[in-house]
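We did not get these values from a lab; they are worked out from the coordinates using the rules stated. Everything numeric in this text was worked out from a predicted model, so none of it was measured. Note that each Cβ is placed from the backbone with ideal geometry, even for glycine, and that neighbours are counted across all protein chains shown.
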Amino acid sequence: MNVREQYPELIDSNGEIVWNDPDFMKRGVTFDVENFGEKYKLELVCDSYLDNGSLYVGAYDVTPESDNFGERWADISVNLNNPCQNDRTVFLDMNNLYNPAIIEAIYGLGTVEGIVSHSGFCSYPAFTFDADVISQMRNTQEFMDANTPDDYKLVAVKVGYNFALVPKIELSGIETNATETIVDISGKQYGLLAGRTFEDSQKLDAVLDAFPEYAIKDYKVPNKISVFIMPVQMYWKDDPSEIIETNFSFEDTCGLAIDDSVTFSGYTQNELVDMIGREDNGEDFVITGVGAGHYVGTCKKEPSKNKSVSEKTCNARESSGRLDADRNVDRNDIAKDKEVK
């Protein structure tokens, strides 16, 4: 569970872990136990108690092919409204931790504090989870997102002035485009999708009839724009020895804050996948890998926040014929290739 060993790239010059690094993804805290002769894989999931905001931890069944996959297996913590409870320290619910293997697994994730609270005939020891463990522990929403099949994850779709959250599978056979609007539902942000054609919008209207609808104006995130980003591995044709990891986007990112991290705009995910390994793509680069695309919220760039790009990227953009080909690039802003990866 040592994050410093698993993610050495997140350690800054002072030896501190940079948890807000955008490349850091929680992997979850899991362990294997045997209970009454059956083997289980459990994941610890965190949340907070409503009355005092202190840490709640539960164990969820993530045993492959389990009939109870994704369901809560046991409460690990108990809420005693004790001043010792905080965002890392809990009282262990020993009524549920009757299995020595589970207790051993939990004890390996932090420190027993030597403080015991009593309620009735039960004793509950205080336990503090290591900071590295807490940083990897997914909350309830993150756990659901990570373990929900992609076809059943919720997306936000709009028709007219309203939108609804619907499972992605409901959009089968309906072509959609991303809009620039981002909405916030219960603290989670979604990029709005709209029908590509009038016929698609009519189909979406029928889908929305089966789900609660919300007024866009009431949930719109101000000053934020949704962009579909796809992580890509590529190399320049004149230097095939150097593999570059970068981002492509479907929408034109010119003038947006995220533009500095996007190499090319105007490609769909399918187009990029079809280009993998092909040198006859009409571009100055070759795609070697494409990751799963995702929507990112961004905003308009401040004029003073422009960032220089490499001459290779500049030349390729101008000759590509894609969405970003007609940008007026200030060549005084071009960085030396050897300084830009």
P(r) of the stretch 109-177 in 10 Å steps, Cα pairs, percent per bin? 15, 25, 20, 15, 15, 9, 0
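Please rank Trp73, Trp236, fewest neighbouring Cβ atoms within 10 Å first, as an exposure proxy.
On the way: Trp73 21, Trp236 18.
Lowest to highest Cβ neighbour count: Trp236, Trp73.
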Label-point separation (nm) for Phe211 and Asp284, each offset 7 Å from Cα along Cα-to-Cβ? 4.2 nm
Taking 35 Å as R0, compute the FRET efficiency from the Cβ-Cβ separation of His118 and Asn223 and round it to 0.05. 0.10
Provide the FRET efficiency to the nearest 0.05 for the Ala131-Arg196 pair, computing r from the beta carbons and using R0 = 56 Å. 0.75
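Quick one: order Glu43, Glu283, Glu113 by neighbouring beta-carbon count within 10 Å, fewest to most. Write out the running numbers ahead of the final one.
Details: Glu43 22, Glu283 19, Glu113 13.
Ranking Glu43, Glu283, Glu113 by Cβ neighbours within 10 Å, fewest first, gives Glu113, Glu283, Glu43.
Would the stretch 225-277 count as rounded, prolate or oblate if I go by the C-alpha gyration tensor, calling it rounded below 1.5 in a/c and otherwise prolate when a/b exceeds b/c, oblate otherwise? Show your work: numbers first, answer last.
Working: a/c = 2.68, a/b = 1.55, b/c = 1.74.
Cα axes put the stretch 225-277 in the oblate bin.
For the stretch 127-249, what is one quarter of the convex hull surface built on the Cα atoms, given in nm²? Present the calculation step by step, with values, prior to reporting the outcome.
On the way: hull surface 49.8 nm².
Taking the Cα atoms of the stretch 127-249, their convex hull projects to 12.5 nm² on average.
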Restricting things to alpha carbons, tell me how big the stretch 43-183 is in terms of Rg and Dmax, in Å. 19.6, 61
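Quick one: length gained pulling Tyr107 to Asp87 fully straight, 0.36 nm per residue minus the C-alpha distance?
Working: separation 20, 0.36 × 20 = 7.20 nm, distance 1.72 nm.
Value of the extension gain: 5.5 nm.
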Two pseudo-spin positions, 7 Å from Cα along C-beta at Ser66 and at Lys168, lie apart in nanometres by 2.4 nm
Cα gyration tensor, the stretch 159-231 - rounded (a/c under 1.5), prolate or oblate: oblate
Between Tyr98 and Glu142, with labels modelled 7 Å along Cα→Cβ, what's the label distance in nm to one decimal, could you check? 3.2 nm
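Taking K and R as +1 and D and E as -1, what net charge do the other residues with C-beta under 14 Å from the C-beta of Leu208 add up to?
Details: positive: Lys158, Lys203; negative: Glu170, Asp200, Asp205, Asp209, Glu213.
In short, -3.
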Between the stretch 181-226 and the stretch 268-292, how many Å separate their Cα centres? 31 Å
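Gain in length, Asp274 to Ser241, computed as 0.36 nm per residue apart minus the alpha-carbon separation, to one decimal in nm?
9.7 nm
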